[in-house]
1. Looking at region B:125-141, I want the residues that are of a type outside the set (A, V, I, L, M) and have a partner that is not in a loop (DSSP other than H, G, I, E, B) with Cβ atoms under 6 Å, at least 6 apart or on another chain. Which pairs are those?
2. Evaluate region B:12-19: report whether one residue or more is surrounded by fewer than 20 Cβ atoms within 10 Å (Cβ to Cβ), more than 21 Å from the chain's Cα centre (by Cα) and in a helix (DSSP H, G or I).
3. Suppose we filter A:A82, A:A149 for residues that are buried (at least 24 other Cβ atoms within 10 Å of the Cβ) and within 14 Å of chain B (Cβ to nearest Cβ); which single one remains?
4. Could you list all residues from region A:439-458 that are within 20 Å of the chain's Cα centre (by Cα) and either within 16 Å of the ligand (Cβ to nearest atom) or modelled with pLDDT under 95 (or both)?
5. Answer yes if at least one residue in region B:72-95 is of a type in the set (G, A, S), more than 26 Å from B:I160 (Cβ to Cβ) and away from every other protein chain (no Cβ under 14 Å), and no otherwise.
6. The conditions are (1) touching a Gly at 6+ places or on another chain (Cβ under 6 Å); (2) surrounded by fewer than 21 Cβ atoms within 10 Å (Cβ to Cβ), and A:G214 fails exactly one of them. Which is it?
7. Just wondering, is there one or more residues in region B:143-160 that are among the acidic types (D, E) and in contact with a Lys or Arg (Cβ under 6 Å, 6 or more places away or on another chain)?
8. If I go through region A:152-183 residue by residue, how many of them are within 11 Å of chain B (Cβ to nearest Cβ), without any contact (Cβ under 8 Å) to a residue 40 or more places away in the chain and not hydrophobic (A, V, I, L, M, F, W, C)?
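The values are calculated or read from the model by the stated rules, or taken from the named source; none is laboratory data. What you see is a predicted model; the values in this text were computed from it and never measured. When we count neighbours, we look across all protein chains shown, and the Cβ atoms used for this are built from the backbone with ideal geometry, even at glycine. In case anyone asks, the SASA skips ligands and DNA or RNA and just uses the protein heavy atoms, side chains included. Shrake-Rupley method; radii C 1.70, N 1.55, O 1.52, S 1.80 Å.
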Amino acid sequence: MELLSGGEMIARALEDEGVEYIFGYPGGAVLHIYDALFKDCKVPHVLVRHEQAATHAADGYARATGKPGVVLVTSGPGATNAITGIATAYMDSIPMVVLSGQVQSHLIGEDAFQETDMVGISRPIVKHSFMVKRAQDIPSTIKKAFYIASTGRPGPVVIDIPKDVTRPDEVFEYHYPQSVKMRSYSPAQRGHTGQIKKAARLLLSARRPVIYAGGGVVQGDGSELLTRLARELDFPVTNTLMGLGAYPATDRRFLGMLGMHGFYEANMAMHHSDVILAVGARFDDRVTNTVSKFCPSAKIIHIDVDPASISKTVAADIPIVGPVCAVLEEMLNQLQQLRERDSSLPDEAALQRWWKQIDEWRAQHGLWTGTRYTQGEHIMPQQVIESLYRVTGGDAYVTSDVGQHQMFAAQYYRFDKPRRWINSGGLGTMGFGLPAAMGVKLAFPDMDVACVTGEGSIQMNIQELSTCTQYNTPVKIINLRNNYLGMVKQWQDMQYEGRYAMSTYEDSLPDFVKLVEAYGHVGMQVRKLEELDATMERAFAMKDKLVFLDIFVDPMEHVYPMHVAPNGSMKDMWLSKNERT
Amino acid sequence: MRRIISMLMENEPGALSRVVGLFSQRGYNIETLNVAATDDPTLSRLTLTTVGDDKQIEQITKHLNKLVDVVKLVDLTEGAHIERDLMLIKVRAQGALRDEVKRTTDIFRGQIVDVGPNVYTIQLTGTSDKLDSFVAAMSEVDILEVVRSGVAGISRGEKILSL
Ligand SMILES: Cc1ncc(C[n+]2csc(CCOP(=O)(O)OP(=O)(O)O)c2C)c(N)n1
């Protein structure tokens, strides 16, 4: 057996785990590890410009590939800088392993230089964490961390490693375990057959059904089965912000996104439904609006791998705990058996009436059945996303930041495939988009990767333009330039009589074209609608260049529909500045 | 409703802080908390009491079960169980009150475990209610110090919480 130091074991274990990239930033507490990576490690390391970006890049990589993202940061400020990204991954259940350096064991608790209690600080935002006390424990701890991060409901796992544990002058036998078993951790492998049968019966008796699919379907790779189920039953499907792509957007059964900025037809269908099949979704407050008024006549079937998600906010009539694929597969079997016995199910006539109603809603206010914005002198933000969709053939990876641009992207880019739409839904982290796009582009260098952003968000991690230069990650940055913190302004318009407290930058914005040029990239400005498509095409044609498109859009536009709050139900929406349901 | 939740967890550093942190993070209350190693040194037994409606208790137990360090968990209040709280209480015992304190202690089947010229230290075990009643019965007496272990509990009969 080989003898390795703690630092070398980390390098080797990451290789043995099949890690493709490490995103990180060095510092005192991790120098032994970095030296080991430098000397002998096949896993490439991406040096970011801020540890938050390392976590978002690893996160973007994980969302696009389904494999855990890996982060390496130093103790103290390195660790605390990573916190926002860890919380972002936690809220969206993204698999991630974060290795953080720690001061030497004998200094812990003494307020040593760059000491911070990383296990303590990260506790509420991790799935689990470890503090490694002995070098011999490194291989098994890393194995456990990857196992925990990527199974059950995925999430970030922190491994805190005191510097002395990685010292080069002490070596130990290295053996990387093939598998792990933990008596205290055993995620559900399949759903309860009886419950699934009950659910199948309820689905077949439905007259106004809706399938409400969330990020769990994307993360659990359940899109194909979900699509089969919806098609076999001819049921309408709506996806959450996190679930976009779980069901193909261009299929006629797709109702669009639901929730606060969801489609009229999706929110109306939910409100009037009699049976809701919720899959890998968590009845988030941005979906339900006022919980007590949520879907008054619906019976709810809730499939989730995490029992704590079920009946947390909205009570489920038929809870099913299990991985999405195993449950859907069994449900498809049950449905088939039931229909073989009784071919009159489901009630086709009732479904026809339901579809007729849905098509009416769609025709009235659907975002894809007519132009719902009013063209003024400016380019409309929606038109930018439509252009992006056309130019990329609907096949790009789209990351986004947080704000109006995020909602426009979610509404107007029609995602037909899972893992293509990459955004911070749960935590809503501005600054996520660019580093996430880097991670995606590294995973899929031949694919188009676009980051839809705003001037506010992009400046939260704009330093990563330098990382993009170093590692040649030619992503396309689509800046919906409205010269405001647009989403904040929208709320101030609607709830604070247009008092724009701290939502303008006055004249302080940089010249983005010059700025990106300074980093060695290409910048383009678009002010006229006639130039939009052509410029977009030109940008995407520059395959090996990062292009920043600074697109001036209508600064006064709002995102609609928008749920009426407080006290509104799913069906209470603003449809424009002066029209509500 | 008051519930007694008892669990086996890995005897690892940080395990307790995850349990306690969960309660503050999600806005639940811990009324009492008792934790110690078991006959198996790799496992600790933690018993806590909390108050909540059925929905809250369901969420609490689900979230506790999700903690990687928690191996097994039971809500003792769902079945017949035995619960014990231990109290050490130091009271001023002078003059006529010395007899009075002794008598009350006997009635509650407590023991005087330390005697000083002016103070008694009494040990009492029982349900939390019993200990509360004892404190109430001591209303005439000058209570100097109260220490309670928090509730420890176990199911009645054959039912066991083990691996
Ligand atoms: C880190 C962080 N800080 C603050 C917020 C609150 N917030 C939500 S949207 C928004 C404005 C975003 O502005 P911009 O990036 O320009 O996008 P726009 O809404 O104009 O499209 C703010 C400040 C947030 N989501 N994240």
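1. Final answer for the pair search is B:T125/B:R84; B:T125/B:L86; B:T127/B:E83; B:S128/B:D85; B:F134/B:L124.
2. Within region B:12-19, not a single residue is surrounded by fewer than 20 Cβ atoms within 10 Å (Cβ to Cβ), more than 21 Å from the chain's Cα centre (by Cα) and in a helix (DSSP H, G or I).
3. None of the others qualify; the one that does is A:A149.
4. A:A450, A:C451, A:V452, A:T453, A:G454, A:G456, A:S457, A:I458
5. Yes, because at least one residue in region B:72-95 is of a type in the set (G, A, S), more than 26 Å from B:I160 (Cβ to Cβ) and away from every other protein chain (no Cβ under 14 Å).
6. (2)
7. Within region B:143-160, one or more residues are among the acidic types (D, E) and in contact with a Lys or Arg (Cβ under 6 Å, 6 or more places away or on another chain).
8. 1
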